[in-house]
Structures are given as structure tokens and as C-alpha cells.
Amino acid sequence: MKCENCTKKECSKKQKNDDAQSTSVDALSSSAGFEEKNEFHTLADAKILLSDCLACDSCMTSEEGARVFQQNQKELFRILNLNKKCDTSKHKVLAVSICPQSLPYFAAKFSLSVNDAAKKLCGFLKSLGVHYVFDTTIAADFSILESQREFVQRYQRRNQEEHALPMFASACPGWIRYAERVLTNLVTSHICTAKSPQQIMGSLVKGYFARQQNLSPDKIFHVIVAPCYDKKLEALREDFYTALYNSQEVDCVLTSGEIVQIMEQKNVSMKDVTEVAVDSLFDEIKEGDVVRHEGKRSDGYLEHIFKHAAKELFDMDVKEITYKALKNKDFQEVTLEKDGETVLRFAAAYGFRNIQNMVLKLKKGKFLYHFVEVLACPGGCLNGKGQAQTEDGKPDKALLNQMEEVYAAIPVRLPETNTRVQKMYQDWLEGVDSKKVQETLHTKYSAVNQTASNLDIKW
């Protein structure tokens, strides 16, 4: 079997491990508390096919493959079943956090407004036995703010530090996986250290929220609903594990499509689900209408960082950003000129073909950009393979167009204007420049396997 992204060679390690992984997964499934039949036994096992894998270049070990297969609907229902048993010592507080790019999928698929989709999704999850349902937009607020600050600092150090610039965005796990496993030190030192919104949400739920509820982090089972499968791999990273509590920041990732599968298995119509307001991390407050960040199909790191840098570095207020498409619509650039000189040059590179071209320019020393928003999925996060595909695995272009319209209509809220975030910086994180901010909101990316020859792959 050949990966659809790869035109030169097959993912041989993946092929060799298929049988071993299948055996491991069967063993894990049979020993994970499903020996007895229950109301959820008809749910199918979630599998990441080779065609679903974005960072496929022989980078998933057999152990990782087995652990990824555990992140399926059955794992969610294993916790729900434990919570129904009399042994309260094994009960978990079940929290589900929903990515902003997943909500347009539910809205478009079920012909709902995005606000109604959020409330109905919350109502459905709570009908299953979920205790809290959160929106991860606040986590993206933190991620964007930290990325903005880091870019300005890197720009100011650009003449003293060789790897200060360019800076690459760190929110996409498919891109990060590829960079660490294939591109190695050529790229990893340039990646922004701010955690992705998913993992910052993990810190918020297992850190801030757990403290607010007087809970140990290991007593919370935290599920993320996301557009793509690579988020499952991200949740397994060792740097997102707390040994003291034997707890990951994110315990399980389900794609938007997997949530719909649960609805179908339970024969639930979204239109008949009772609407329930989405929970807040703050006491008994409920979330209001859905908001998003700037950006057409993602959290808009390029736009937020560009405008912030223009103001902080050059005292220029940029109201609107003009994109210039280069080789294709998924590779665009934005520039800022002052006194006839280009002082900022940013780019958005979506899809591995554009990523490959970008990296080759970096390798040849012909890289002109100060910052690049890199996303593994062509078209951005809305086009994640966990939600924007037909049953035969092909892109669902009609649904994607609907999702884009829904997403574009959501009101934009600037991270700087979120007063809750500013309060948390002071009350929980001990200030914006504290050691706790670095420990909680940042991580490090480094080369895993030295396989520089893989730069020759043609995507």
C-alpha cells in the first residue's frame, strides 16, 4: 500500500508493522474492559488508515500505532461504563473540549447555525454521561498570544541568533511530526515553542480547572473533538505527560466524524437533541455565542502575529491583510513595507507539497520569510481528514464549501480582548513573563530520527 501523499516510495515500515499492530490492537481491545457486553458493544473500532495519515513517512512505531487505536469511541464508553458502576474510586469526571474548526462541520452537516450546533452537540454529549463540554477557543487565545510574543523576541534577536528566524507555527501536529521525524534539526530549531491549542486546553483542564474543582488531574478524563487524526498522535507526546499524576493532558482524541458515528450507532437525530449551553472553565458561568480568530480556515496565526509585529516592531496599525497567491492557493504571502523597504514577509503554506518546496528553499539558503503558518492539510484545518471526506475517502468539496461559509460568518474576537485570559495570566500563571508560563504554555521540539535523505520525497 502506498500513501496518497507519497509519489516516490512506499511507507515500508508501516506495511511491515500492519500485522503486528493489528495483533497489538486486538489484544488491547480485549483487555480494556470490554469482555462484557454492554449497550455500546456495537461501536466499530476506529482505525487510522494509511491514506488518513498526514505525517506518514515510516514515523509511527508499532507501540504508537497500538496506543492510537485505543483512542476511539470505545475508550470513551469504557469511562462512561466505569462511571455507572458502584465503585466510586474508579469514577472519572469526563470533560470534552471541542475545536472551533469542528463546529462548522456539525453546523453544515445538520443544517444548523453554528451556535445551535454547539448547543446540540453539548446536549448530545451530556446525554451520554459527559459532565463538562468546553470550547477550545480560549486555549487558542493563549497559543496565539504566546506565539506573538515569541515572534517579536525572535525578530529582535535575529542578528545575534542563527536560528531565531524564520519562525514556523507550531499548532499543526501533522507538520510537527514531519518536522521532527524527517526534517530534523534543519527545521526544529525554527519552530515556535508555544503549545498548540489542543495541548494548552489540556493544561487548562488538567491544571486550572482541576484546581478550581479540587480534583486530582488523574480523576479527569479529557477528550478532544478535532478535525484531524494527527491530533491523536499529538496527545501521546511524552512532553504532555505528568508523571506525578500518571496523567496525559489529553486522554483521548475523537474526530468530528467519529462523533457522528456514535450518533448513527445510537440512532440519534441531531435535530431532536435538546440544546444545552457549553460550559466555561470559570465556576458556573456558561459560554455565550461562538467566536473565532482571524483566518479563513484555521486559528489565523499569520494574521494575528503579522498585525501584532507590525505594531510592536514598526508602530504600524494594520487593519486589513492582503494575501498574494504564489504557486497555488495554498501557498500565499503577506508583506509589510515601510519607507519603501519590505520589513516583514510572512507566508501561509498548506499541504505537504508546499511544505516540501518551502523546506527545500530553506535548505538552499533562499528562504525570504520571517514567519510561516504551516498546516499539513491542503485548505487548512477545516479540511481535516476526520471530517471533510466522503465515505470512500475522497474530499467532500461541497461540505467543505459549506463549512467555509459557516466559519467565515462567525464573529472574530481578538485574543488581547479576552479579559478572562488576562486574569488567568495574573492569577494562575503568575504574570506573562513568569516561569510558570514557560512550563505551562510552551514545549520544545527536536529531531527524533536523522533521516535527511527523506527530503528528496516528492509530495
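Some points to look at:
- Positions within segment 185-215 being open to solvent by 10 Å² or more (accessible area, probe 1.4 Å), part of a loop (DSSP other than H, G, I, E, B) and out of contact with any strand residue (DSSP E or B) (no Cβ under 8 Å at 6 or more places or on another chain), in sequence order: Ser189, Asn214
- Those residues of segment 142-169 which are at pLDDT below 95, among the polar types (S, T, N, Q) and closer than 15 Å to Ser189 by Cβ, in sequence order: Gln160
- Hey, Arg297 within 18 Å of the chain's Cα centre (by Cα), under 30 Å from Gln70 (Cα atoms) and open to solvent by 10 Å² or more (accessible area, probe 1.4 Å) or not: yes
- Here Thr255 fulfils each of the conditions (1) of a type in the set (Val, Ile, Thr); (2) touching a helix residue (DSSP H, G or I) at 6+ places or on another chain (Cβ under 7 Å); (3) open to solvent by less than 20 Å² (accessible area, probe 1.4 Å) apart from (2).
- When Leu281, Leu244 are checked against the criterion of being at pLDDT below 95, hydrophobic (A, V, I, L, M, F, W, C) and surrounded by fewer than 18 Cβ atoms within 10 Å (Cβ to Cβ), a single residue qualifies: Leu244.
- Exactly one residue out of Glu180, Glu161 is charged (D, E, K, R), farther than 18 Å from Glu439 by Cβ, open to solvent by 10 Å² or more (accessible area, probe 1.4 Å) and without any contact (Cβ under 8 Å) to a residue 24 or more places away in the chain, and it is Glu161.
- Here Thr342 clears all of (1) more than 26 Å from the chain's Cα centre (by Cα); (2) in contact (Cβ under 8 Å) with a residue 24 or more places away in the chain; (3) not in a loop (DSSP other than H, G, I, E, B) except the condition numbered (2).
- Given (1) under 17 Å from the mean Cα position of the chain (by Cα); (2) in the same structural domain as Asn418 (by the TED database); (3) among the aromatic types (Phe, Trp, Tyr), number of the condition Phe151 does not satisfy: (1)
- Residue match in segment 76-85 (condition: at pLDDT below 80 and buried (at least 20 other Cβ atoms within 10 Å of the Cβ)): no
- Neighbours by Cβ (under 8 Å, 6+ apart or cross-chain): first from segment 420-433, part of a helix (DSSP H, G or I); second hydroxyl-bearing (Ser, Thr, Tyr) and exposed (fewer than 13 other Cβ atoms within 10 Å of the Cβ): none
- Residue-level check: of (1) in a loop (DSSP other than H, G, I, E, B); (2) surrounded by fewer than 20 Cβ atoms within 10 Å (Cβ to Cβ), Gln261 misses just (1).
The values are calculated or read from the model by the stated rules, or taken from the named source; none is laboratory data. On a predicted model such as this, the values are computed, not experimentally measured, just so you know. We place every Cβ from the backbone using ideal geometry, glycine too, and count neighbours over all the protein chains shown. These area figures cover heavy atoms from the full protein model, side chains too; ligands, DNA and RNA do not enter into them. Shrake-Rupley method; radii C 1.70, N 1.55, O 1.52, S 1.80 Å.
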